[in-house]
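Asker: What follows is a single structure, and I will ask about it in a moment.
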Amino acid sequence: MTLKCEWTQYLGPGSSPGGHQLTDWLTGVQPLDMCALRLINGSFGLGTRFLAPSSVRLVRKTLYGSQPSADTGTNVTSCGQQLEVHHSRWPHCLHFTYTWLRDHCRCPQCYDHKTYQRKYEISNIPLGIRPVAVKATEKELKVKWPDGHESGYEYKFLWQNTFEGQQTSYRMPQLPWTTATLPEAHQTTASFKNLTYGFILDKYCTVPLGDLCDPEKGGVKRLIYAIVKHGFAFISEVPADIESTRTAIEKVCNIKNTFFGDMWSMKGTNYEHFDSAYSTAYIGAHTDSTYFTQACRIQVFHCLQPATEGGENLLVDGFSIAKQFRDKHPKGYAFLSSEAIPSEYIEDGQHQVSLDTIFKHNPVTRNIKQFRYNIYDRAPLSSLPMEKTQDFYTHFSNLSKIINNPKNEYWLKLNPGTVLLTDNWRLMHGRANFTGARFMCGCYLDNDDFCSKARVLEVQLE
Ligand SMILES: C[N+](C)(C)CCCC[C@H](N)C(=O)O
Ligand SMILES: O=C(O)CCC(=O)C(=O)O
C-alpha cells in the first residue's frame, strides 16, 4: 500500500531559513507505487506526489525534523543546497546538487539526442543556481530554473548516472580462478603432468562459430560474458586457416593492427619478428604489449597445426595472482601498484616503450583494472632511484614465485578448429617449448573497441 500526498504549490526563493509552511500535504491513501520526493531545502513547492509508506515516514521526519513546529508540524528542515530524491524502486535515496542537475539537463537546447553530445558552454551556468520549482511526476523529476528554462530527468537516468547510484549497480562478476576453482570441465587438463591432448570444451566458455554468426543465438554476448567472467573463452568449429579465423573474430570486434600486422602467424622457425614468440623456446607466463601505452586487450590464438611434441599453452589468472600477492605481501602490492617500471620492444624500425605500474586500478572504484607482467620485455630499470631498487627486486621476485606456483597454472593443448581468446589485461599466457611444424595464428583486439562492443551488448563492465 502507498500513500498519496498533496503538497501546496507555494515557496519561492528568499523565504526564511529553517523551513516553510506546507499545508494539506497528506490528503489520502492510494494503492500506487511511484516515486517519492523529499524536499530538503524547502525553498520551493511540489505538486501532487505519491509516496510509499517508508518515504512518508522519511518525509514526516524531515518535515517535523529536529525542530518540529508546535502548531502545524509542517516545517521543512533545511539541509543545504541540494535535493534528496527517493524512488520506490531505488534501494536508497539520492542527493543532487542544483549545479549537477542544471549540468545534466537533457532538453534539446542543452543536449543533442541525435549525436548524444552536450550543446552548451559550462561557464554560462551560474554555480550558485537554484531552481524556482521542482515537481516529481510519475515519469520524471521536473525542475524549473530562474531564467524560465525547464529540465526533466527520468528516474532511470538519475540512478544510472550518479556516483551513488552506480555504487549498487550490477557489474558482471569477474571470478578470479586457480586450477582448483576453474570451471569443472577444465580441471581434467589443469595439470601439466595429466595433460589430456585435446582439452574438454565446456559450455560456459565455448561458443560454436555458428552461434556468433546468428544474432538470434546471442553467441557474441555469451563469448564476451565468459571472457569478462573467467578471463578467457573459446570459439569452436572454426575452419583451420587464417582467413576463417579473421572472419570469426570480426564477428566479435574489429581487429587491432599493430606492427605485427592485423592477423599474425608464428611458425617457430623464421623469426619473422625478433621476439621469442617466433622461436620454439619455452615462454613463461606473461602479458603481451607491456611496451604499448595501452596494452592490447584481447589476445587471440588459433593453433592451425600443433607441435609434434610440446607447444602446450599456459594460462594464469593475473587477478587471482594480485589477490594472493596482496594478501601475502601487502607492502609489495602497494609498491608495484605505485612505482612505474619501463618495458620495451626493439627490432628494426621499432623501439616501443611504455612506463607503467604492474597493477593498475580503476581510479574511482580502486578495483584492479589491469595486470601487466612480462619479465622478458622489461627495459633497463631506470625509473627507480638506486635506493629503491632492492625493494623492487624483493617484491618482484615474491610476485614471480606466486605466478610460478603450479596451483595457478592451467596448461592446455590448443588444436585446429578451436580459437582461444584471453583478456590480456587480466590473464597471462605462455607456452611449452616444442618440436615440429607448429603453426599458430591470431590477432589482438583493442581495449576501447572490445569494451564498446561489450557495452553495446549490455555486458556491464567494471
Ligand atoms: C602475439 N604475437 C606473436 C603477435 C606477438 C608476440 C609478442 C610477444 C611480446 N614479447 C609481447 O609480450 O608483447
Ligand atoms: O606460441 C604461443 O603459443 C604463444 C606465444 C606467446 O607467448 C605470445 O605470442 O605472446
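The values are calculated or read from the model by the stated rules, or taken from the named source; none is laboratory data. Since we're looking at a predicted model, the values are computed, not measured. With ideal geometry, Cβ positions are generated from the backbone for all residues, glycine too; neighbour counts draw on all protein chains shown.
Asker: Could you pull out the residue among Glu309, Glu347 that is surrounded by fewer than 17 Cβ atoms within 10 Å (Cβ to Cβ), closer than 30 Å to Lys413 by Cβ and within 12 Å of ligand 1 (Cβ to nearest atom)?
Answerer: Answer to the selection: Glu347.
Asker: Which of the numbered conditions does Tyr393 fail, given that it passes all the others? Conditions: (1) touching a residue at least 24 places away in the same chain (Cβ under 8 Å); (2) farther than 20 Å from Met263 by Cβ; (3) not basic (Lys, Arg).
Answerer: Condition (1) is where Tyr393 drops out.
Asker: Then there is this: Out of the residues in region 271-285 that are near ligand 1 (Cβ under 8 Å from one of its atoms) and either not aliphatic (A, V, I, L, M) or not assigned by TED's automatic domain parsing to the domain that holds Ala240 (or both), which is modelled with the lowest pLDDT?
Answerer: Only one residue fits best here, namely His273.
Asker: Name the residue, out of His95, His86, that is modelled with pLDDT under 95, under 26 Å from the mean Cα position of the chain (by Cα) and assigned to a strand (DSSP E or B).
Answerer: Every option except His95 fails the conditions.
Asker: Looking at Ser397, is it among the small types (Gly, Ala, Ser), surrounded by fewer than 20 Cβ atoms within 10 Å (Cβ to Cβ) and not in a loop (DSSP other than H, G, I, E, B)?
Answerer: On the way: among the small types (Gly, Ala, Ser): yes; surrounded by fewer than 20 Cβ atoms within 10 Å (Cβ to Cβ): yes; not in a loop (DSSP other than H, G, I, E, B): yes.
Judged against the criteria, Ser397 is a match.
Asker: Name the residue that is nearest to ligand 1 (Cβ to nearest atom), counting only residues in region 233-270 that are in contact with a Pro (Cβ under 6 Å, 6 or more places away or on another chain) and part of a loop (DSSP other than H, G, I, E, B).
Answerer: Looking at the filtered set, the residue picked out is Ala240.
Asker: Next question. Just for region 437-462: of the residues that are within 14 Å of ligand 2 (Cβ to nearest atom) and among the aromatic types (Phe, Trp, Tyr), which one is surrounded by the fewest Cβ atoms within 10 Å (Cβ to Cβ)?
Answerer: Applying the filter and picking the extreme gives Phe439.
Asker: In region 337-359, which residues are of a type outside the set (Gly, Ala, Ser) and under 16 Å from Phe396 (Cβ atoms)?
Answerer: Within region 337-359, Glu339, Ile341, Pro342, Leu355, Asp356, Thr357, Ile358, Phe359 meet the criteria.
Asker: Tell me whether region 184-207 contains one or more residues that are at pLDDT 90 or above and surrounded by 15 or more Cβ atoms within 10 Å (Cβ to Cβ). Write out each step before concluding.
Answerer: So the first thing to find is which residues in region 184-207 are at pLDDT 90 or above, and the list is 206-207.
Adding the requirement that they be surrounded by 15 or more Cβ atoms within 10 Å (Cβ to Cβ) leaves 206-207.
The answer is yes; a qualifying residue exists.
Asker: Assuming Val364 fulfils every condition listed in (1) under 26 Å from the mean Cα position of the chain (by Cα); (2) part of a strand (DSSP E or B) apart from one, which condition is it?
Answerer: It is condition (2) that Val364 fails.
Asker: Here's something else I'd like to know. Please list, ordered by first then second residue, the pairs with beta carbon atoms under 7 Å, 6 or more apart or interchain, first in region 109-124 and assigned to a loop (DSSP other than H, G, I, E, B), second among the hydrophobic types (A, V, I, L, M, F, W, C).
Answerer: Once the first residue is assigned to a loop (DSSP other than H, G, I, E, B) and sits in region 109-124, its partners that are among the hydrophobic types (A, V, I, L, M, F, W, C) give Lys119/Cys110; Tyr120/Cys110.
Asker: Among the residues of region 403-436, what is the count of those that are assigned to a loop (DSSP other than H, G, I, E, B), within 14 Å of ligand 2 (Cβ to nearest atom) and either without any contact (Cβ under 8 Å) to a residue 40 or more places away in the chain or touching a Pro at 6+ places or on another chain (Cβ under 9 Å) (or both)?
Answerer: 5
Asker: Collect the residues in region 316-342 that are outside any helix (DSSP H, G or I) and more than 22 Å from the chain's Cα centre (by Cα), keeping them in residue-number order.
Answerer: Residues satisfying the conditions are His329, Glu339, Ala340, Ile341, Pro342.
Asker: Could you identify the single residue in Asn374, Asn408, Asn415 that is more than 15 Å from ligand 1 (Cβ to nearest atom), within 30 Å of the chain's Cα centre (by Cα) and of a type outside the set (Ser, Thr, Tyr)?
Answerer: Values: Asn374 fails: more than 15 Å from ligand 1 (Cβ to nearest atom); Asn415 fails: within 30 Å of the chain's Cα centre (by Cα).
After applying the criteria, what remains is Asn408.
Asker: Pairs under 7 Å by beta carbon, first residue assigned by TED's automatic domain parsing to the domain that holds Phe450 in region 247-262, partner away from ligand 1 (no atom under 16 Å from the Cβ) and part of a loop (DSSP other than H, G, I, E, B), six or more apart or different chains?
Answerer: From region 247-262, the pairs are Ala248/Val238.
Asker: Further, regarding this structure: Being under 24 Å from Ser236 (Cα atoms), of a type in the set (D, E, K, R) and in contact with a Lys or Arg (Cβ under 9 Å, 6 or more places away or on another chain) is true for just one of Glu458, Glu462, Glu409. Which residue is that?
Answerer: Just one listed residue meets the conditions, Glu458.
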